[in-house]
Amino acid sequence: MSATATPGKLLVSPRDHTLIMIDFQSQMSFATKSIDAVLLRNNAALVAHAAAGFGVSTILTTVAEKTFSGPMFSEITEAFPGQKLLDRTSMNTWEDAAVIEEINRIGKKRLVMCGLWTSVCIVGPTLSALDQGFEVYVIADACGDVSDEAHERAMDRMVQAGVRPMTSLQYMLELQRDWARTETYEMTTGIAKKYGGAYGLGIIYAKSMFGASEGH
């Protein structure tokens, strides 16, 4: 056996998956207690802008947008101007015909999901997708629930079933993966500066004080 300088097949790349962002809506966020609302919005924005910037196939879906839950976070919709939101009545996204039609149209067997709430609107479609042979990742810190217990037990249940957990910053950096990819370097570091918390501050500091850049 010999090693080669090639990425593992379990790593995600911009063209190998569909991102599904589920129910990032006002009413759903009011009762979310497992993550601070500002951090949740920030992480969702990071995921959305990274996906849009890298050209990831993305589905945006809401539940009862006009009658109960309200609009999707503007941080997400601004990253996908003009994209149609697929509104549902079902708590389980996987039971909505329009969403499934779009998943089939895109045709990718690897799915990445995030949204509100973890124990209902994320557990439902992830377990359903796994049951139908899809490979599923969940961005844990771009999800939230009514309590820490609800979120954590939902993550446990999904991981035990075969879901692969990741985080929002991890997702973006996995899409970039090599700082020598200069065509997306400025975009990735720009998103990190805006939404990447302390990591983003570090990039701003290094650039401002020393003119430093990763990979150069």
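The values are calculated or read from the model by the stated rules, or taken from the named source; none is laboratory data. Just so it is clear, the structure is predicted and the values come from calculations on it, not from any experiment. As a convention, Cβ positions derive from the backbone with ideal geometry for all residues, glycine included, and neighbour counts pool all protein chains shown. Each accessible area value is taken on the protein alone, full model and side chains, heavy atoms only, with ligands, DNA and RNA left out. Shrake-Rupley method; radii C 1.70, N 1.55, O 1.52, S 1.80 Å.
Annotations for the structure displayed:
- There is no residue in the range 4-12 that is among the small types (Gly, Ala, Ser) and within 13 Å of the chain's Cα centre (by Cα).
- Qualifying positions in the range 52-70 - small (Gly, Ala, Ser) and in contact (Cβ under 8 Å) with a residue 60 or more places away in the chain: 53
- Residue within the range 53-61 that is closer than 24 Å to residue 147 by Cβ and of a type in the set (Gly, Ala, Ser) present: no
- You will find that of 188, 182, the residue that is touching a Phe, Trp or Tyr at 6+ places or on another chain (Cβ under 9 Å), β-branched (Val, Ile, Thr) and more than 25 Å from residue 27 (Cα to Cα) is 188 and no other.
- Of the residues screened, residue 141 is one that is among the acidic types (Asp, Glu) and open to solvent by less than 50 Å² (accessible area, probe 1.4 Å).
- Selected residue (criterion: least open to solvent (accessible area, probe 1.4 Å)) from residues of the range 177-196 that are in contact with a Gly (Cβ under 6 Å, 6 or more places away or on another chain) and under 15 Å from residue 208 (Cβ atoms): 192
- The residue of the range 122-153 that is nearest to residue 90 (Cα to Cα), among those that are small (Gly, Ala, Ser) and touching a helix residue (DSSP H, G or I) at 6+ places or on another chain (Cβ under 7 Å), is 124.
- Filtering the range 26-44 to residues that are open to solvent by less than 80 Å² (accessible area, probe 1.4 Å) and out of contact with any strand residue (DSSP E or B) (no Cβ under 6 Å at 6 or more places or on another chain) leaves 26, 27, 29, 31, 37, 42, 43, 44.
- Odd one out for residue 199 among (1) within 30 Å of residue 118 (Cβ to Cβ); (2) surrounded by fewer than 17 Cβ atoms within 10 Å (Cβ to Cβ); (3) free of Cβ contacts under 8 Å to residues at least 24 places away in the same chain: (3)
- Scanning the range 71-112 for residues that are out of contact with any Gly (no Cβ under 9 Å at 6 or more places or on another chain), touching a residue at least 12 places away in the same chain (Cβ under 8 Å) and of a type in the set (A, V, I, L, M, F, W, C) turns up 72, 73, 76, 80, 85, 86, 98, 99, 103, 106, 111, 112.
- Residue pairs whose Cβ atoms lie under 7 Å apart, sitting 6 or more positions apart in sequence or on different chains, and linking a residue in the range 166-184 that is under 18 Å from residue 8 (Cβ atoms) to a partner that is basic (Lys, Arg) and not in a helix (DSSP H, G or I), do not occur here.
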